[in-house]
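Quick notes on the structure that follows.
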Ligand SMILES: [Fe+2]
């Protein structure tokens, strides 16, 4: 097949990313259950530790650094559940991916005035 | 024998469901989007299908990365909306068309197409939102469902050509089911969007419009495109459009484009639908 991972600025979730981000994504997936959301809110660091996240991964999650989380193998569909616990707007997360100011992102990428 | 009464291609963006939940349907941001679905909803009400076969992908809500089926078919009696992190939505459970589901599984496997078979499983916005767009928010859904999941999250995702083959087989399988069910087949996902990487926010309005015009009777180029072509033209998550090919392949070679709608952006996504009937 042609290699779809080679399109510029487009990280596809291939085996390397899936392996790299497995623990972070597993932690985020668990936030689909209310008891895990409560545990995350009560003591976030302990919760992240219980999933074995590295220091780097923990720092990215705790800073809500959406760009860094994806760089470390996070897949947006899993890590979006963090935005359900600690609300963030989808377009803000998008702007963080593009490393743009939110207003510029809305205008330049989405064509909104 | 069961009959395919039409095919629908539609977006399944989660923000659509949230907009319905929050009562935002008539706000300036959303009204033009929802208004465009009125003819589709009317078509569905007039056609009165008994079963909806819904082709969609899970978005890290039901399947984790511990097991990733390339294709999966539901054979459950009922499907509950899954908690995607925000708690349960006020969406009724979906009743399964159990006998048809098992028949499709039999036929697929007999014809060397081997999906995972799911007896107890929840469904995410990929199935919920298309149902809400075409059936509203009734107390009970007027159709039973057969959910069919396609992996579009972890590579390798299936090729567009394999999705096409699945649609061809599904048609044969549906039309060989001993019953008089009226079946609508729904291909969902897209249109152009990208949520990750520095190209995030990518929307290709031209490609989306061409898709909505072409998927009816100029489908060959879409059937023959590579996954890479899909990602390039429609964005990394816009590659979900390969699931519309399953629906399209289940229809006649020539179809009538009954309804079409496009709106962008819905959240970060080009959004819209087509309604097709065999000509
Ligand atoms: Fe999707």
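What follows draws every value from the coordinates through simple rules; no lab data is involved. Since we're looking at a predicted model, the values are computed, not measured. So basically every Cβ, Gly included, is an ideal-geometry build from the backbone, and we count neighbours across all protein chains shown.
Residues of B:154-162, mean number of Cβ from any other protein chain within 10 Å of their own Cβ, rounded to a whole number? Display every interim value, and only then the final one.
Numbers: counts 7, 11, 5, 3, 0, 1, 0, 0, 0.
Taking the mean over all residues of the peptide, I get 3.
Among B:141, B:244, which comes first, second and so on when ranked by fewest other beta-carbon atoms within 10 Å? Don't jump to the answer; show the numbers that get you there.
Working: B:141 18, B:244 30.
Final ranking by Cβ density, sparse to dense: B:141, B:244.
How would you rank B:273, A:90, going from fewest to most other Cβ atoms within 10 Å of each one's own Cβ?
Values: B:273 25, A:90 18.
Lowest count first: A:90, B:273.
Can you check how the C-alpha radius of gyration of the range B:1-124 compares to 2.2 N^0.38 Å, as a plain ratio?
Numbers: Rg = 16.6 Å, N = 124, 2.2 N^0.38 = 13.7 Å.
After normalising by residue count via 2.2 N^0.38 Å, the value is 1.21.
Using only Cα atoms, what is the ratio of the radius of gyration of the protein assembly as shown to 2.2 N^0.38 Å? Walk me through the numbers on the way to the answer.
Details: Rg = 20.0 Å, N = 392, 2.2 N^0.38 = 21.3 Å.
For the protein assembly as shown, the normalised Cα radius of gyration comes out at 0.94.
Label-point separation (nm) for residue B:80 and residue A:101, each offset 7 Å from Cα along Cα-to-Cβ?
4.7 nm
Tell me, how many Å apart are the Cα centres for the range B:220-279 and for the range B:117-168?
Computed from Cα coordinates, the inter-centre distance equals 15 Å.
Using the number of other C-beta atoms within 10 angstrom as an exposure proxy, rank B:117, B:255 with the fewest first.
On the way: B:117 16, B:255 20.
Starting with the residue having the fewest Cβ neighbours, the order is B:117, B:255.
Before anything else, pin down the relative contact order of chain B: Cα pairs under 8 Å, at least 6 apart, normalised by residue count, whole percent.
Details: 613 pairs, mean separation 87.6, N = 279.
Taking the mean separation of contacting Cα pairs over the length of chain B, I get 31 percent.
For the range B:218-279, divide the Cα radius of gyration by the Kirkwood radius and give the resulting Rg/Rh value with two decimals. Could you put the intermediate results ahead of the total?
Values: Rg = 12.6 Å, Rh = 12.8 Å.
Reported Rg/Rh (Cα atoms, Kirkwood Rh): 0.98.
Using DSSP, restrict attention to beta bridges with both residues in chain B and report what percent are antiparallel, rounded to the nearest 5.
Working: 18 of 41 bridges.
Roughly 45 percent of the DSSP beta bridges within chain B come out antiparallel.
In percent, how large is the relative contact order of chain A, given Cα pairs closer than 8 Å and 6 or more residues apart? Kindly include the intermediate steps, with their values, before the conclusion.
Numbers: 88 pairs, mean separation 30.8, N = 113.
It comes to 27 percent, rounded to a whole number.
Quick one: Debye curve from the alpha-carbon atoms of the range A:13-108 only, equal weights, vacuum; give me log10 I(q)/I(0) at q = 0.18, 0.19 Å⁻¹ to two decimals.
-0.79, -0.87
Rounded to the nearest 0.05, what FRET efficiency do residue A:86 and residue B:45 have when you use their Cβ-Cβ distance and R0 = 25 Å? If you can, show how the numbers build up before the last one.
Working: r = 41 Å, r/R0 = 1.63.
The computed FRET efficiency comes out at 0.05.
If I model a spin label as a point 7 Å beyond the Cα along the Cα-Cβ vector, how far apart are those points for residue B:168 and residue B:205 in nm?
Spacing of the two 7 Å Cα→Cβ label points: 3.8 nm.
For chain B, just run the numbers: alpha carbon Rg, then divide by 2.2 N^0.38 Å, N being how many residues it has. Walk me through the numbers on the way to the answer.
Numbers: Rg = 17.0 Å, N = 279, 2.2 N^0.38 = 18.7 Å.
Against the empirical 2.2 N^0.38 Å value, I get 0.91 for chain B.
Using 7 Å Cα-to-Cβ label points, what is the residue B:229/residue B:66 separation (nm, one decimal)?
3.9 nm
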